[in-house]
Amino acid sequence: MDLHRFLACLPVFAQLDPESIGRLLEEMESRKLAGGEVLFDQGQPGDAFYILLSGKLRVTAITSAGVEAAVGTLEAGDCIGEMALLTGQPRSATVSALAASELLCLTRPAFERLTGRNPGILSGLATQLLPRFQQMQASIYLSRLFGRLEEESQQQLLGQLGWRRLDSGETLFRQGEVGDEMYIIVQGRLRLIAEEADSCERVLGEVGAGEYVGEFVLLAEPGSPESKRTATLYATRQTDLLVISRSVFDSLLCRYPQALLNLARQMAQRSAKVARSAAWGENSMVIALIPARMEGTLEEFARRLAQALEQSGPTLVLDAASFERHYGRPGAAQTALDDPLSLVINAWLDEREREHRFTLYITAPTLDESGRLDAWSKRCVEDADLLLLVGEGHADPRPTAVERALPSTSSRSRLELVLVHDAGCQVPRGTTRWLEARRACEFPVQAWHHIREGNAADFRRLARRVAGTPIGLTLAGGGARGWAHVGVLRYMEEEGMEFDWVAGASMGAIVAGGCALEWSSGRIHELAAQFSDPRKLLDYTFPYASVTATRRITSMLQSLYAGADIEDTWRPFFCISLNLNEGRERIHTRGALWKAVRASMAFPGIFAPVADEGCVLIDGGAVNNLPVDRMRERCPSGTVIGVELVTGSPVRGEYEFGPSLSGWRLLFSRFLPASRRTRIPTMLNIIDGLVYSNTHYRLNEAWRSADLLVKVPVQEYALLEFDKYEQIIEAGYRAAREHFQGF
C-alpha cells in the first residue's frame with residue numbers, strides 16, 4: 001500500500017504538504033490486531049491515536065447506568081483516538097477488532113511535534129472530529145434514556161434525529177407553546193424559567209449534557225392542553241441538542257415498547273432528584289470571577305472561596321494558565337470561540353464541570369481595539385451560571401471598561417458584586433455608590449456581598465449564598481419581649497451556628513439590625529440595658545399622632561447604627577413596615593439602616609409614624625410580625641429559621657361596660673374602690689390586641705415558609721416592660737436550647 005498517498009487522501013491530513021506527510025510517516029508505528037483483540041479500553045489514558053489501514057473495528061461505551069452501548073464501527077481510513085490527544089481526557093470508549101486489522105499509530109509526543117510544526121492541523125482535526133464525537137455522545141445518551149437497542153436500530157435512529165445548536169442566551173421554547181419535540185443535550189446547558197401568575201419569573205433549575213427536556217409533550221395527546229410547554233428554556237452557553245420528533249418517538253416505541261419503561265424510570269429518578277434538590281443540575285455550577293479595580297490578582301480570593309465551597313462539594317479552580325496546563329496545549333486558552341477547536345475545548349470543559357459541584361473560572365480580562373473581551377474571559381463569562389464582580393471596597397466605584405464590555409457577550413448569567421475590605425474593617429462604607437454607578441448598566445448587579453480579607457466566616461457566608469444554601473434568621477416583633485432574641489443569639493453563638501440573612505419586624509428589626517452589622521449577643525445585651533428605663537426613651541407629648549414624640553428613640557437609633565446603610569451591612573438585611581397610604585407591607589432593603597428600623601418599630605399610638613416618599617409608615621408587626629415568608633423568597637433553597645414570640649392576647653379576662661364610654665369618667669373611676677371600677681382594656685391593650693390578632697392570623701399562613709420556628713413563651717411580660725430584659729433574654733435562651741436540639 002502506498003501509505004504516502006493513503007494519508008494524503010484522508011481529510012484530516014489534506015492540508016499537509018508532501019514533505020510534512022513524509023515526516024508524519026516517519027513518526028508513525030505499525031500495529032496489528034487479531035479478531036476480538038482490544039485496542040484500548042474506556043477510561044485508559046489517551047496517549048496515542050490510530051489510523052485504520054485494513055480490517056474492521058467496533059466501538060462500545062459503558063454508560064453511567066452500567067449499560068454497554070454500541071457506538072459504531074470503523075472501516076479502513078477511519079481515525080481512532082484523536083479526541084483524547086486533543087483534549088487530554090481518558091478514552092471515552094472501548095475499541096476492539098471485529099476482524100484482523102492493521103493500523104498506524106501516532107503517539108502523543110509525535111503528535112505534539114507534528115502540530116508544533118503545522119499548527120493548522122489542530123483546526124483540521126477539530127473539524128473532522130466534532131461530528132464523530134457528537135455521534136458517539138449521542139449514542140451513549142440514547143442508550144441511557146431508552147435502554148439498550150440493537151446496534152443497527154440505534155444507528156438508524158441516529159440518522160433520523162435532528163441536530164440543533166443554540167448560542168448562549170438563545171431560547172429553545174417558551175412556556176405555553178404547543179410542542180411536538182423532545183431534546184437531549186449533547187453539550188452545553190439550558191436554564192428553565194417559569195412565569196408565575198403575577199408575571200414574575202422563577203428559575204426552576206438547569207440541565208446539562210446527557211439530560212433531556214420536553215418529553216412530556218410527546219406522551220400527551222397532540223394539540224391537547226397537556227402538550228403545551230410548562231416552562232421556558234434558554235441556553236446559558238453554546239449548546240448542541242439532539243432533536244427527537246413525535247413521529248420518530250412514536251416509531252421507536254412501537255418497535256421497542258421496553259424503551260417507554262426505561263424512559264419512565266428515568267423520569268421517576270429525575271423527579272426524585274428534583275424533590276430532593278428543588279433544582280435540576282444541582283451537581284454543577286460554574287462561577288466566573290471578574291476583577292473590578294483590584295490592585296492584585298484574584299488567585300487568593302478564588303482559593304479561599306473554593307475552600308469554602310468544598311464544604312458543599314468538589315470544587316475546581318481554573319485560570320488561563322492552569323487550564324492550558326491541564327488541557328495540555330499551550331495557548332489553548334485564547335482559542336477564538338468561532339474556531340473549530342473551540343468546540344473541542346467546550347467539550348473538555350463540560351467534562352470537567354460535570355466532575356465537580358463547583359467550577360471557578362478566574363479571568364484577567366483584556367480588551368481588543370474594538371473593546372471586546374479576550375477569548376478566555378469571553379469563554380468564562382458565557383459558560384458561567386454566575387458572574388462575581390470582585391472589587392476593593394475603598395476603590396473608585398465607577399464601572400470599568402471590562403464591565404462595559406459584558407453586554408457584548410451572549411451571557412445571560414446573574415451578576416453579583418463582591419466588595420473586599422481590610423481585615424480590620426468595622427462597617428463597610430460607600431456600597432451605595434458602587435450600586436448606583438451600575439444601576440443603569442445593561443448588565444445590572446442583582447446582589448452584593450461584603451468580604452474581609454482573610455475572614456473565613458465571610459467566605460463561608462459567600463459560599464452558601466452563591467451555592468443557593470443560605471441560612472436566613474427572622475426575628476419577630478413584640479415590644480420589650482423582643483429582647484428574647486438576644487438569648488437565642490447567645491445560644492447560637494455558643495453552638496457555633498452561622499446564618500447569612502437576617503430580618504425582622506418591630507423590635508425584631510432593632511435586634512436584626514445589630515446582627516446585620518455583626519454585633520455580638522453581648523453587645524445587644526448592653527443595648528437592652530440602655531432601653532431598660534422607659535423614662536429615658538419615652539418623651540411624652542400631646543397625643544395627636546402618638547403619645548410620644550419619639551425623638552429620643554430616633555436619636556438613639558441614629559447613634560447606634562452610626563450612619564450605616566442597609567447596603568453596608570455584613571449580613572444582608574431587611575425589615576418590614578406597614579405603608580398606610582397603600583395598605584400593604586413595605587420591605588426595606590436599601591437606604592439608611594436607622595430609618596428603616598425606626599419605621600418598622602413605630603408601634604401605633606405609642607411611637608410616631610415615619611414619613612417616607614410621601615407615605616406614612618408604621619410598625620411592621622401590624623402587617624407581618626414574623627416575615628419568614630419574605631425570607632423564604634430570598635432563600636428559596638436555603639434554610640429559614642424564625643423566632644416567634646408567644647405572647648397571647650393582651651385583652652384577657654371578663655369586661656363589663658356599656659356601648660358608650662367616657663374617658664373622663666373612666667379616669668375618675670381610678671380613684672374609686674376596685675369593686676366599683678369599670679373594667680375595660682386600655683387603648684394600648686386594644687392596639688396591642690389588634691396587632692396580636694393580625695400576627696396570629698398571618699402566622700397560620702406563613703409558618704410553612706420556615707424550616708424551624710423557635711417559639712419563645714413570653715406571655716407573662718407586657719409590651720413596655722423593658723426593665724424585665726434579663727428575664728426575657730433568659731426565656732429566649734431556654735427556648736433556643738430546646739428547639740435547636742436535633743436541628
Legend entry - Residue selected from segment 179-230 under the condition on the phi > 0 side of the Ramachandran plot and assigned to a loop (DSSP other than H, G, I, E, B), by the criterion farthest from the chain's Cα centre (by Cα): Gly223
Legend entry - Qualifying positions in segment 203-235 - in contact with an Asp or Glu (Cβ under 6 Å, 6 or more places away or on another chain) and touching a residue at least 60 places away in the same chain (Cβ under 8 Å): Ala209, Ala235
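What tally of residues in segment 549-591 results from selecting those that are of a type in the set (S, T, N, Q), surrounded by fewer than 17 Cβ atoms within 10 Å (Cβ to Cβ) and part of a helix (DSSP H, G or I)? Before the answer, list the steps.
Applying the first criterion (of a type in the set (S, T, N, Q)) to segment 549-591 yields 550, 554-555, 558-559, 569, 577, 579, 581, 589.
Remaining after also requiring surrounded by fewer than 17 Cβ atoms within 10 Å (Cβ to Cβ): 555, 558-559, 581, 589.
Still in the running and part of a helix (DSSP H, G or I): 555, 558-559.
Qualifying residue count, segment 549-591: 3.
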Inset, instruction - Check every one of the strands (runs of 3 or more DSSP E) wholly within segment 307-409 and list those with 3 or more residues that are within 26 Å of Leu204 (Cβ to Cβ). - result: 358-362, 386-392
Inset, instruction - Sort through Ser546, Ser559, Ser506, Ser555 and tell me the only one that's over 19 Å from Gly621 (Cβ atoms) and either under 37 Å from the mean Cα position of the chain (by Cα) or touching a residue at least 12 places away in the same chain (Cβ under 8 Å) (or both). - result: Ser559
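Taking the residues in segment 1-23 that are part of a loop (DSSP other than H, G, I, E, B) and either of a type in the set (Gly, Ala, Ser) or open to solvent by 70 Å² or more (accessible area, probe 1.4 Å) (or both) as candidates, determine which candidate is farthest from Asn118 (Cα to Cα). Step through it out loud before you land on a result.
First, pick out the residues of segment 1-23 that are part of a loop (DSSP other than H, G, I, E, B): 1-2, 9-10, 14-17.
Those left that are additionally either of a type in the set (Gly, Ala, Ser) or open to solvent by 70 Å² or more (accessible area, probe 1.4 Å) (or both): 1-2, 9, 14-15, 17.
Working: Met1: 25, Asp2: 23, Cys9: 18, Ala14: 12, Gln15: 9, Asp17: 10 Å.
Checked segment 1-23; the qualifying residue farthest from Asn118 (Cα to Cα) is Met1.
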Inset, instruction - Of all residues in segment 705-724, count the ones that are open to solvent by 30 Å² or more (accessible area, probe 1.4 Å) and either within 23 Å of Pro604 (Cβ to Cβ) or outside any strand (DSSP E or B) (or both). - result: 8
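Can you tell me which residue within segment 443-486, out of those that are assigned to a strand (DSSP E or B) and not β-branched (Val, Ile, Thr), is nearest to Gly605 (Cα to Cα)?
Our first condition is that a residue be assigned to a strand (DSSP E or B); within segment 443-486, this holds for 447-452, 471-475.
Among the residues that remain, those that are also not β-branched (Val, Ile, Thr) are: 447-450, 452, 472-473, 475.
On the way: Ala447: 37, Trp448: 37, His449: 38, His450: 38, Arg452: 42, Gly472: 31, Leu473: 29, Leu475: 22 Å.
Among those residues, the one meeting the criterion is Leu475.
When the residues of segment 468-503 are narrowed to those that are acidic (Asp, Glu) and touching a residue at least 60 places away in the same chain (Cβ under 8 Å), which ends up least open to solvent (accessible area, probe 1.4 Å)? Before the answer, list the steps.
We begin by selecting, within segment 468-503, every residue acidic (Asp, Glu); these are 493-495, 498, 500.
In the following step, the residues that additionally are touching a residue at least 60 places away in the same chain (Cβ under 8 Å) were identified as 495, 500.
Numbers: Glu495: 105, Asp500: 0 Å².
By that ranking, first place goes to Asp500.
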Legend entry - Residues being at pLDDT 95 or above, closer than 21 Å to Gly313 by Cβ and of a type in the set (A, V, I, L, M) - total across segment 467-481: 1
Inset, instruction - Within segment 599-639, track down each residue that is open to solvent by less than 30 Å² (accessible area, probe 1.4 Å) and more than 17 Å from Ile587 (Cα to Cα). - result: Gly605, Ile606, Phe607, Ala608, Gly638
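The values are calculated or read from the model by the stated rules, or taken from the named source; none is laboratory data. Remember, predicted model here, so these are calculated numbers, not experimental data. Positions of Cβ are generated from backbone atoms using ideal geometry, with glycine treated the same way; all protein chains shown enter the neighbour counts. Note: areas computed on protein heavy atoms with side chains; ligands, DNA, RNA excluded. Shrake-Rupley method; radii C 1.70, N 1.55, O 1.52, S 1.80 Å.
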